[in-house]
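The values are calculated or read from the model by the stated rules, or taken from the named source; none is laboratory data. Just so it is clear, the structure is predicted and the values come from calculations on it, not from any experiment. Neighbour counts run over all protein chains shown; Cβ positions are idealised from the backbone, glycine included. Quick note on the areas: whole protein, heavy atoms, side chains included, nothing else; ligands and nucleic acids left out. Shrake-Rupley method; radii C 1.70, N 1.55, O 1.52, S 1.80 Å.
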Amino acid sequence: MSEVVDLTRELVALASHEDETAAGDAIETWLRRETDAVVRRDEAGNVVARRAACPAASSDSAGQADASLALVGHHDVVPPADRQVDDAGEYVVTERGGRLYGRGTADMKGSVAAAMCAFRDADPACELVFASFVGEEIGGVGARAAIDDGFAPDYALVGEGSTNYSGDDVTDVVVAHKGRRGSTVVAHGESTHASVPESGENAVYRGCDAVDLVREMAFPEAEVFGERLRGSVAVTGIDGGSAWNVVPDRCEVTVDERTVPGERVTLEAVEEIEGVEWTVDQDLPPMKCDDGTFADTVLAAARDAQDGDPKLTTKPHATDAGWLSQAGTTCVVCGASEPGEAHTETESVGVDVLERCYRIYRNAAERVGRDEVA
């Protein structure tokens, strides 16, 4: 069994849905033991390691050896299902049919393990950074803390899922993904007895007027390197009223919007309705790669690492690449998870894909900063 697979098993076995400390300890210990990198654990619990460009590799780097590339992941996970935890409270990890099963195998300790090994083994052409964040599953807590603390690589390869997007048995390179803006629309009215509704102001009616407005809003769209990314907006909940015989004075509507780079639905328009307020509860930013040369360099690294024909593509899910991109880092996403694997009771990852991701990450680390772009 390969070292990447063994390391994935080790990391996956450590519970990290409520407290990421043990997983962070394991990552930090491995990096200090296996590399000569400068390793730091920040106050949030993120693990960040840095290596300088290899002198031999950087000698032909066209003056770009002072750039930096980060291999980025996260070691927190969503809560496991009962079947994914043993009696000791550790996560169950099993292997069958060429796949590892267990909470966090796909999202995303497998890609973290591949990045760790690539970080150690590469002869980087520019400064190479490894970062594993906490709190990705709860809104990018770790990534935001790292950015606030000065984390600002020039480029980042974020190891979230990109496998089997353009076709079977291929790991693609994502150049854009959606964000998510969750918001609440509150309609206020005036309560009265339902037998005389004209003496009050029905908040549910105002809320329904807002719903009708949202319903007619066009979905946002964007194009990145020829790839189309289409967002969405949907009402996902409505709540109002206290009794069958009382005209409600308050109605609350929840709205889920999937955002795209550079475009937003004009949800603020609902406030043109009398008595209606709009509040943003969560805003996970979308990601757009702003450097075609970097995207092509990682794509070339991906092609050299597999028999399939990877493509530049888009992803429907928000990742920490959104926070990094918003802060000025040029990002792509490339990782082992496949559609439908993350957050499931049967979460798994292909052993061959873990080894493929190791090759992609190592290839990318040795290409970024050079002057050759395939």
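Cross-link candidates for LYS311: which aspartates and glutamates have Cα within less than 13 Å, leaving aside residues fewer than 8 places away along the same chain?
ASP168, ASP169, ASP172, GLU227, ASP296
Could you tell me the calculated FRET efficiency between ALA234 and ASP36, based on Cβ-Cβ distance and R0 = 45 angstrom, to the nearest 0.05?
That gives a FRET efficiency of 0.35.
Only Cα pairs under 8 Å and at least 6 apart count here; give the relative contact order of the chain as a rounded whole percent.
The normalised contact order for the chain reaches 25 percent.
What figure, in Å² to the nearest 10, do you get for the accessible area of TYR101 with a 1.4 Å probe and non-protein molecules left out?
50 Å²
From the C-alpha gyration tensor of the range 179-284, pull out the three semi-axes of the equivalent ellipsoid (sqrt of 5λ each), sorted largest to smallest, in whole Å.
After scaling each eigenvalue by five and taking roots: 33, 11, 10 Å.
Just one of (i) 5, 22, 32, 24, 11, 4, 2, 0; (ii) 5, 26, 34, 25, 9, 1, 0; (iii) 5, 23, 29, 21, 12, 7, 3, 1, 0 is P(r) over Cα pairs in 10 Å bins from 0, in percent as worked out from the coordinates here. Which one is it?
(iii)
Pick from GLU223, GLU341, GLU201 the residue whose mean-square fluctuation is largest in a GNM of the chain, springs joining Cα atoms under 10 Å.
Highest fluctuation of the listed residues: GLU201.
As an exercise, use a Förster radius of 22 Å and the Cβ-Cβ distance of VAL92 and GLU18 to find the FRET efficiency, rounded to the nearest 0.05.
Working from the Cβ atoms, E equals 0.80.
Using R₀ = 35 Å, calculate the FRET efficiency as 1/(1 + (r/R₀)^6) where r is the Cβ-Cβ separation of ASP169 and ASP25; round to 0.05.
E between ASP169 and ASP25, to the nearest 0.05, is 0.50.
Hey, any idea what % of the chain's accessible area is carbon plus sulfur with a 1.4 Å probe?
Ligands and nucleic acids excluded, carbon and sulfur reach 44 percent.
Before I look further, what does the chain give for accessible area per residue, probe 1.4 Å, in whole square angstrom?
With the other protein chains kept in place, the chain gives 43 Å² per residue.
Could you work out which residue, out of GLY45, GLY140, GLY207, moves most in a Gaussian network model of the chain, that is, has the largest mean-square fluctuation with Cα springs under 10 Å?
Evaluated over the chain, the most mobile residue of the options is GLY207.
Work out from phi, with θ = phi - 60° and the Karplus expression 6.51 cos²θ - 1.76 cosθ + 1.60, the ³J(HN,Hα) of each residue of the range 256-272, listed in order in whole Hz, and give x for Gly and Pro.
With the stated coefficients, the range 256-272 comes to 10, 10, 9, 8, 10, x, x, 9, 9, 6, 7, 5, 4, 5, 5, 6, 6 Hz.
Pick out which of VAL351, VAL224, VAL235 has the largest mean-square fluctuation in a Gaussian network model of the chain, springs linking Cα atoms closer than 10 Å.
The residue that fluctuates most here is VAL235.
Excluding ligands and nucleic acids, what accessible area in Å² is computed for VAL85 using a 1.4 Å probe, to the nearest 10?
50 Å²
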